[in-house]
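Here the structure comes first, spelled out in structure tokens, and everything after it is commentary.
The values are calculated or read from the model by the stated rules, or taken from the named source; none is laboratory data. Because the structure is predicted, anything quoted here is derived from the model rather than measured. No Cβ is skipped: glycine too gets one built from the backbone with ideal geometry, and neighbour counts run over all protein chains shown. The protein model used for the area step is the full one, side chains on, heavy atoms only, and it has no ligands, DNA or RNA in it. Shrake-Rupley method; radii C 1.70, N 1.55, O 1.52, S 1.80 Å.
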Amino acid sequence: MVKLRVLFLSSVLCLSAPAFADQRFEATLTGHAILPAFTMVVPPADAPRDALVSGKFAGPGNIRVDAPGSVMGDTGAMHGNRQTGIAFPFIGQPVQGFSGIKPVANEPGHYWVLTDNGFGNRRNSPDALLMLELARFI
């Protein structure tokens with residue numbers, strides 16, 4: 001029974017092996033998009049009013065700070081605690097990047113994008129909204 005199980009697992013692993021490194025797949029870069037680091041959006045009209053200011057828990061100790069722009073951001077201890085020049089809390093919601101992207105059917109250059117989920121962890125992100133947005137690249 002054990003030999004049969006080992007044989008079965010070995011065959012499954014062989015059949016699901018990754019592509020070889022020497023395989024080539026031709027691709028052409030046709031363009032790229034640039035998203036400035038300090039890109040903000042207004043929360044949807046039906047979002048809680050408190051969502052208009054985000055990053056309230058992103059400071060030292062994740063203590064709530066309500067005054068926009070009162071805590072200077074830095075790169076963190078691992079990267080020398082250098083100031084970033086961007087202070088929080090923010091007025092609006094940051095568009096930090098996209099966790100998911102899907103082309104819109106029959107609309108070239110249009111994509112549904114899911115925003116990244118917060119400021120790095122659960123403790124500092126309770127006021128970060130997950131949003132599905134329509135992005136247009138022309």
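Residues in segment 120-138 that are part of a strand (DSSP E or B) and open to solvent by 50 Å² or more (accessible area, probe 1.4 Å): Leu132, Leu134, Arg136. Entry remark, segment 36-69: residues being open to solvent by 30 Å² or more (accessible area, probe 1.4 Å), within 18 Å of Pro126 (Cβ to Cβ) and not aliphatic (A, V, I, L, M) number 11 in total. Checking Gly100, Gly55, Gly73 one by one, the residue that is modelled with pLDDT of 85 or more, on the phi > 0 side of the Ramachandran plot and not hydrophobic (A, V, I, L, M, F, W, C) is Gly55 and no other.
Can you name every residue in segment 121-138 that is at pLDDT 90 or above and small (Gly, Ala, Ser)? Result: Ser125, Ala128.
Only residues that are of a type in the set (S, T, N, Q) and more than 20 Å from the chain's Cα centre (by Cα): list them for segment 63-84, please. Listed by number, the residues that qualify are Ser70, Asn81, Gln83.
Among the residues in segment 85-97, are any in contact with a Phe, Trp or Tyr (Cβ under 6 Å, 6 or more places away or on another chain), at pLDDT 90 or above, open to solvent by less than 70 Å² (accessible area, probe 1.4 Å) and of a type outside the set (Lys, Arg)? Yes: one or more hits.
In segment 64-95, the residue that is nearest to Pro36 (Cα to Cα) out of those that are in a loop (DSSP other than H, G, I, E, B) and in contact (Cβ under 8 Å) with a residue 24 or more places away in the chain is Val95.
Scanning segment 104-119 for residues being in a strand (DSSP E or B) and either at positive phi or open to solvent by less than 80 Å² (accessible area, probe 1.4 Å) (or both) gives a total of 5.
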